[in-house]
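The values are calculated or read from the model by the stated rules, or taken from the named source; none is laboratory data. This one's a predicted model, so the numbers in the text were calculated from it and none came from an experiment. So basically every Cβ, Gly included, is an ideal-geometry build from the backbone, and we count neighbours across all protein chains shown.
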Amino acid sequence: MEVRDREDFYVVTAEPVSTLVPDPEADTKSAVAIPPPQQIRKRTAPRTIGTRVTAQPAFVLHSYPYKETSLIVELLTRDFGRVALIAKGAKRPHSQLRGVLQTFQPVSAGWTGKNELRTLTDADWVGGLLPLEKTALLCGFYLNELLVKLLARDDAHPKLFQHYVATLNQLAHGEPPPIVLRKFETALLKETGVAADLTRCADTRRKVLANVQYVVDPERGPRPARDDDSAPRVAGRTLLDMEREDYRDPATQAQSKGLMRYLLAHQLNGAPLNTRQILIDLMQL
């Protein structure tokens, strides 16, 4: 198994660890004092040869059996978005792929083919990220379930890839899971183009006011709340805080949780998220 140069995947940047107060229900005993999170370094273009892709930064989102000895693997890639690949022989006991195709660890992947389901040609472990443990591990599976259910295949989202790496780092560093997840959920809806500007009133395009109560139309954005609204009400201050990624206010934390559940349920057409219910039961995320 070849270990590729990690400089081709990401570089360390001086990003401080959050100073937010931890969730008292979150399990942070497994946090380890290590340097600040790492971020992706952009490259000019993916390396391709005809229909062959090589050395593509990626993470495994999900895998399931295919025939007797193979797997179908869903990858989140930097330059190609979510792709589905056949990993031939990956279930064999001595296959090198068994130890490489692990969730939450960066790999350098290559594949070939023109159809939606292509063939994995190589996958090398890159390393450099702490493993997720306990509550952080469940949060990681929640992220992956969101991406599998909400991302169309072959739709590139390089900024979302960066958000994903940063989120894994934050979870591994013991940052408060509810806040980390709210940031990622917001980034996911924005980067996929289904979230309106939360800081502008949908009707007037004026900036939302901190002391006004709003509801957020999933298709259009915020508008002042009415007496007959069934959608969750949020203060304008909450919407402004979410745009700034400032979750220090307990009211912002509580209202953003309800808002994101509402918006995600709309995008999922009511389909349940298996990992969310587990997280709710454990720590009321």
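Residues of region 169-218 that are touching a residue at least 24 places away in the same chain (Cβ under 8 Å) and of a type in the set (Asp, Glu): Glu175, Glu185, Glu191, Asp197. The set of residues in region 96-112 that are touching a residue at least 24 places away in the same chain (Cβ under 8 Å) and outside any strand (DSSP E or B) comprises Gln96, Leu97, Gly99, Val100, Leu101, Gln102, Phe104, Gln105, Pro106.
Among the residues making up region 218-251, those that are under 21 Å from the mean Cα position of the chain (by Cα), assigned to a helix (DSSP H, G or I) and within 22 Å of Gln170 (Cα to Cα) are Asp241, Met242, Glu243, Arg244. For region 129-154, a residue qualifies if it is surrounded by fewer than 22 Cβ atoms within 10 Å (Cβ to Cβ), part of a helix (DSSP H, G or I) and in contact with an Asp or Glu (Cβ under 7 Å, 6 or more places away or on another chain), and the qualifying residues are Lys134, Val148. Checking the structure you have, find out if any residue of region 182-204 is at positive phi, buried (at least 21 other Cβ atoms within 10 Å of the Cβ) and either outside any strand (DSSP E or B) or among the small types (Gly, Ala, Ser) (or both). No, because not a single residue in region 182-204 is at positive phi, buried (at least 21 other Cβ atoms within 10 Å of the Cβ) and either outside any strand (DSSP E or B) or among the small types (Gly, Ala, Ser) (or both).
When residues in region 265-285 are screened for being within 24 Å of Lys134 (Cβ to Cβ), assigned to a helix (DSSP H, G or I) and either at pLDDT 85 or above or not acidic (Asp, Glu) (or both), 9 of them pass. So, of the residues in region 113-128 that are part of a strand (DSSP E or B) and under 22 Å from the mean Cα position of the chain (by Cα), which turns out to be farthest from Gly89 (Cα to Cα)? It comes out as Trp125.
When region 155-176 is limited to residues that are in contact with an Asp or Glu (Cβ under 7 Å, 6 or more places away or on another chain) and assigned to a loop (DSSP other than H, G, I, E, B), the one that is farthest from Leu268 (Cα to Cα) turns out to be Pro176.
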